[in-house]
Amino acid sequence: METKSVIVFSALIFSLFILGETSTGKWKLLKKSIGISAMHTVLLPNDRVITFDRTDLGQSNISLPQERCRKLADDQIDCSAHSIELNLLNGDVRPLTVLTDTWCSSGALAPDGMLIQSGGFNDGDRVVRYFRLCANCDWMEDQNGLVVPRWYASNQILPDGKIIVVGGRAQFSYEFIPKSSSKSDFKAYELPFLKDTTDDVENNLYPFLHLSTDGNLFIFANNRSILFDYINNRVVRDDYPVMPGEVSRNYPSTGSSVLLPLKLGFINSSIGAPDAEVFICGGSPPNSLTSASNGRFLSATKSCGRLMITAEQPEWKMEEMPIERVMGDMILLPTGDVLIINGAKKGSAGWYLAREPALNPVLYHPDSSKFEVMKPSKIARMYHSTAILITDGSVLVGGSNPNSNYNFTELFPTELSVEVFSPPYATSSSRPQISWAEPETELSYEQPFSIGFDSTENGELENAYVTMVAPSFNTHSFSMNQRMMVLEINQVYQVSGTSYVIDCFAPATPYIAPPGYYLLFVVHHGIPSSGKWIHIS
């Protein structure tokens with residue numbers, strides 16, 4: 001154990017003394033244990049966090065009520081929970097009952113705020129699970145919710161409120177959930193692109209999905225991408241260049257991806273909508289998994305790429321992070337900046353296959369293409385770690401279980417803790433505060449609406465703007481359905497003293513903002529308010 005401690009301590013010393021600027025941002029341990037390791041995490045519109053791991057790893061550290069124990073295949077009884085609800089308002093943890101294996105599954109929030117969760121392993125690979133918004137709700141499960149098994153698949157909410165489920169191990173297809181009475185719903189549609197991008201170790205699992213502003217689906221797998229018309233089952237664009245760098249970006253070489261903020265006041269006339277730009281960071285060489293399996297841990301990449309997917313002649317604009325990173329998470333902050341957090345500097349996704357935790361988050365500023373190294377965590381967040389934006393604008397970080405079961409004595413032990421990383425703005429004494437909105441919570445497309453806010457930062461009203469952020473489902477370094485809009489503003493004016501009003505417009509179409517719940521933020525002088533939940537339909 002002494003050698004293991006030295007390795008982790010050395011990584012922390014490197015972070016503190018080699019990387020330079022490390023004093024920005026703040027870490028806080030929120031709970032030492034939530035009873036499970038947070039492999040999958042999502043924020044609900046009632047400020048509850050649903051998180052879960054797997055049902056096949058043995059007993060967790062939190063118990064179910066006796067009447068809810070699970071019967072296992074070998075006639076054993078498991079009375080521990082593998083899913084919990086964390087109340088961010090008071091810190092309470094409530095055990096939840098999930099009956100089938102959710103290992104490496106996917107999810108999305110339906111327009112009404114219900115969590116719809118799909119696939120997994122073994123008895124869970126064709127299951128669709130539902131979790132509604134109510135005080136004492138628990139999981140409901142449809143054992144035949146998917147047409148084919150989906151393990152390591154990705155989800156995306158669509159403009160009509162349906163969810164597309166793409167890929168999975170040995171599944172080169174997609175389907176839609178939840179199922180309706182339509183025969184077309186009970187079908188898996190072939191997607192040859194997924195077969196074309198696989199290799200000896202797959203490296204195209206958990207494909208990156210982003211809904212483009214023209215309504216088509218951008219799909220990235222391994223190092224290639226297409227624009228896909230999922231309604232007519234046809235590729236509408238296959239001329240995107242291969243991402244440079246000889247690096248694989250999807251599981252198990254595991255980079256991360258975001259759709260950069262959509263600026264709604266700027267319309268690309270050729271598509272009648274805002275431009276859409278994808279940003280992908282991190283990953284590792286295609287043979288990283290096989291090399292790590294043989295005890296040789298290859299360095300992850302520092303490279304990132306930006307691709308304007310709506311451009312007539314798109315080209316990758318390559319940039320470089322200050323730190324190598326595999327299994328990192330990319331989180332859109334209310335300001336429009338991107339936080340890159342969690343992961344390792346060497347190795348691959350998989351049990352015991354990574355080394356040198358990447359303890360320092362990195363903040364990326366898209367407008368200037370600059371990276372800023374943040375204060376390090378003291379906790380290694382390796383394989384099976386998660387990160388999500390929460391209502392106050394900080395980031396909830398949890399998980400890390402690079403072991404085949406709950407193991408607290410390994411080099412990188414199972415983590416049951418959750419902590420909060422607060423970006424530099426979160427500790428500002430001059431954060432604006434939303435005081436009212438009209439209409440209060442319900443919006444329709446293109447609707448003008450007004451927001452009242454208080455700010456001690458006087459003047460320069462052109463430095464005020466409004467962002468809308470969709471809550472994401474985070475697992476395995478990809479935040480599914482993560483999306484941000486910078487709203488079009490009509491005017492900003494001062495009412496009196498520190499009180500201001502912004503008149504702005506809701507997004508124009510569900511192609512830009514699929515129906516559902518969003519967090520609304522006012523940003524003044526680069527500092528965001530806490531979020532306010534709104535609903536668009």
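The values are calculated or read from the model by the stated rules, or taken from the named source; none is laboratory data. Predicted, not measured: the structure shown is a model, and the values here were computed from it. Note that we place each Cβ from the backbone using ideal geometry, even for glycine, and neighbour counts take in every protein chain shown. Keep in mind that these areas ignore ligands, DNA and RNA; they rest on the heavy atoms of the full protein, side chains included. Shrake-Rupley method; radii C 1.70, N 1.55, O 1.52, S 1.80 Å.
Accessible area per residue (1.4 Å probe, heavy atoms of protein chains only) ranks Met140, Met485 as Met140, Met485, with the largest value leading. Per residue, the chain exposes an accessible area of 38 Å² to a 1.4 Å probe, with every protein chain left in place. Working from label points 7 Å from Cα in the Cα-to-Cβ sense, the Asp47 to Glu372 distance is 2.7 nm.
Taking 0.36 nm per residue of separation and subtracting the Cα-Cα distance, full extension of the segment from Asp92 to Ser496 would add 141.4 nm. Taking packing as the residue-averaged number of other Cβ atoms within 10 angstrom, the listed peptides 322-332, 444-454, 228-238 run from highest to lowest as 322-332, 444-454, 228-238. For Lys187, a cut-off of 28 angstrom between C-alpha atoms picks up these lysines, skipping any fewer than 8 places away in its own chain: Lys162, Lys179, Lys195. Given in Å, the Rg to one decimal and the Dmax to the nearest whole number for the Cα atoms of region 55-95 are 11.8, 40. Annotation: amide H-H contacts under 5 Å for Thr391 (H modelled 1.01 Å from N, sequence separation of 5 or more, or interchain): none. The packing ranking of peptides 88-101, 252-265, 177-190, highest mean first, is 252-265, 88-101, 177-190, where packing means the average number of other beta carbon atoms within 10 angstrom of each residue. Applied to region 363-379, the Karplus parametrisation 6.51 cos²θ - 1.76 cosθ + 1.60 on θ = phi - 60° returns per-residue 3J(HN,Hα) values of 9, 10, 9, x, 5, 10, 6, 9, 9, 9, 7, 9, 4, x, 7, 9, 10 Hz, with x for Gly and Pro.
In terms of packing, defined here as the mean over residues of other Cβ atoms within 10 angstrom, the peptides 149-158, 432-441 line up highest first as 149-158, 432-441. Applying a 4.7 Å Cβ-Cβ cutoff to the chain leaves Cys104, Cys504 as cysteine residues with no disulfide-compatible partner. Here the spin labels are modelled as points 7 Å beyond Cα on the Cα-Cβ line, and at Asp160 and Ser537 they lie 1.8 nm apart. Each label was represented as a point 7 Å from its Cα along the Cα-to-Cβ direction; for Thr409 and Glu67 these points are 3.9 nm apart. Listed cross-link partners Lys26/Lys378; Lys302/Lys345; Lys263/Lys302; Lys31/Lys378; Lys345/Lys378 are compared with a 18 Å cut-off, the Cα-Cα value being larger for Lys263/Lys302. Taking only the Cα atoms of region 26-158, the ratio Rg/Rh comes out at 0.95, with Rh defined as the Kirkwood radius. Distances between placed amide hydrogens fall under 5 Å for Glu85 paired with Arg94, Leu96, all partners being 5 or more residues away or on another chain. Test of understanding: extend the Cα→C-beta vector of Met318 to 7 Å, then name every residue of region 273-292 with backbone N under 20 Å from that spot. Hits in region 273-292 for Met318 at 20 Å: 278-288.
Accessible area of the chain with a 1.4 Å probe: how many percent of it is carbon plus sulfur? Roughly 50 percent of what the probe reaches on the chain is carbon or sulfur. In summary, the aspartates and glutamates within cross-link reach of Lys71, defined as a Cα separation below 16 angstrom excluding same-chain residues under 8 places away, comprise Asp56, Asp101, Asp123, Glu141.
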